[in-house]
Amino acid sequence: MRRLVSHENARNSAIFRQMNSNSFTLSLGRGNTVGFIGLFLTLWGVLGIGGAHGVELVVIRGDQPTVAVAAAQTQNSGLPSTVLAQELEITSADGIVSRLRFDSGRFTSFQVPSPIAEQTVRPDSLPDGEVTGGANNIFEAWLTQPTDRYGHGILGDTIEAGALAVLGEDGRISQHVLDRQWVFEDRKARIADLDGDGLDEVIVVRTNVNLGAALAVFGLGRNGLELLAETPPIGTARRWLNPVGVGDFDGDGVTEIAFVTTPHIGGFLTLYEYRSSQLVFDYVDSGYSNHAIGTREQDLSTVLDWNGDGVMDLALPSADRQTMRIVSFAGGTFAELASSILPARLVGTVTATDLDRDGTGELAFIVEDGTLIWLRP
Ligand SMILES: [Ca+2]
Ligand SMILES: [Ca+2]
Ligand SMILES: [Ca+2]
Ligand SMILES: [Ca+2]
């Protein structure tokens, strides 16, 4: 059963033409408000198109709320992929997994038998932890030795990790075990060669039970898995930070790590550069959040080159998670490249896409009412 819905306040120049039950064309319009005109289709439909500040916002909705969206091909380093997704894998509330494409102005969705990405499992991993994979001297990293010694519970439970484990290219597992003053307040360790020396670094949130969270970088050295660098802790117990991603965000040739400090009480987007095995403060800007308190979802932000200038940009929600902001530090100067008010609060993983295959990035994510949002410049 299909029905056309409209909203009396709709301001929308989109024209929809249904092709069949799960394929349709549309001409994309630009407006200043989120539109509410569109089609409910049996599988997926475009509910509205709108935008603000140079952003085109497309609301895509199926019969069932969307509960997860991911790049159809994912890398598993724990970091947002620099490869832009050209298809999305979408999971609906009734467990149906489908893929969404956008070709020549037309969305197409098709069902797939099961999710494509297979998650590596380590029996000693945190119960809700993720195993990530590296491309150089570290093959896998995961958090282990669950502990309840820090009763913060910011990530869905009060179980945090007491140790970090990695599988090296030599097949040996190395662990870094924290003493009782510390926990890893994280669900995964992110792997990247930050300084381009061919050896992987491991990025993880390490929390001091009295001084709060810090961003830590580990590496495999002669003495095993060791702490290479760390930001100062926030300074107070039960204060946390959540990573955004890594990239050369100012274009000076040195990689920065971006994270949001205190995302639940007025968050600060903070960038430290990794130079000579030191984390050196670079930039900060206020008014962001990339985590909803008490949830396991840590990927409410991502990195991508939004404006196509060759310098990576950052996409992350405002402090109330009702606005998506895309910001740049290119040339060492902060700029908000775009922003868009969302029809509901951001709740799901933010995926960088090139669904329209024009060579530059867009964003896809789900909001609280279970609709899929696609944002493009
Ligand atoms: Ca390195
Ligand atoms: Ca840089
Ligand atoms: Ca850019
Ligand atoms: Ca694109």
Quiz item: Can you sort VAL303, VAL209, VAL177 by how many other beta carbons sit within 10 Å, fewest first?
Solution: VAL177, VAL209, VAL303
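How do PHE107, PHE249, PHE281 line up, fewest other C-beta atoms within 10 Å first?
On the way: PHE107 22, PHE249 27, PHE281 11.
If I rank by nearby Cβ atoms, fewest first, I get PHE281, PHE107, PHE249.
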Practice problem: Among THR270, THR147, rank each residue by its count of other Cβ atoms within 10 Å, from fewest to most, as a rough exposure measure. | Solution: THR147, THR270
Quiz item: Got a sec to turn the phi values of the stretch 265-279 into Karplus ³J(HN,Hα) couplings, 6.51 cos²θ - 1.76 cosθ + 1.60 with θ = phi - 60°, whole Hz, x for Gly and Pro?
Solution: 10, x, x, 10, 6, 10, 10, 10, 9, 9, 10, 6, 6, 10, 9
Exercise. Just the ratio, please: alpha-carbon radius of gyration of the stretch 105-227 over 2.2 N^0.38 Å, N its number of residues.
Key: 1.20
Practice problem: Find which of GLY151, PHE107, VAL121 sits farthest along the positive direction of the dipole of the stretch 99-154, computed with +1 on the beta-carbon of Lys and Arg, -1 on that of Asp and Glu, about the Cα centre. | Solution: PHE107
Exercise. Would you mind checking which residues have amide H under 5 Å from GLY267's amide H? H placed 1.01 Å from N; only 5 or more apart, or other chain.
Key: GLY287, TYR288
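Bear in mind that the values in this text are calculations on the coordinates, not laboratory data. In this text the structure is predicted, and so the values were computed from the model without any measurement. Cβ atoms come from the backbone with ideal geometry, glycine included; neighbour counts cover every protein chain shown.
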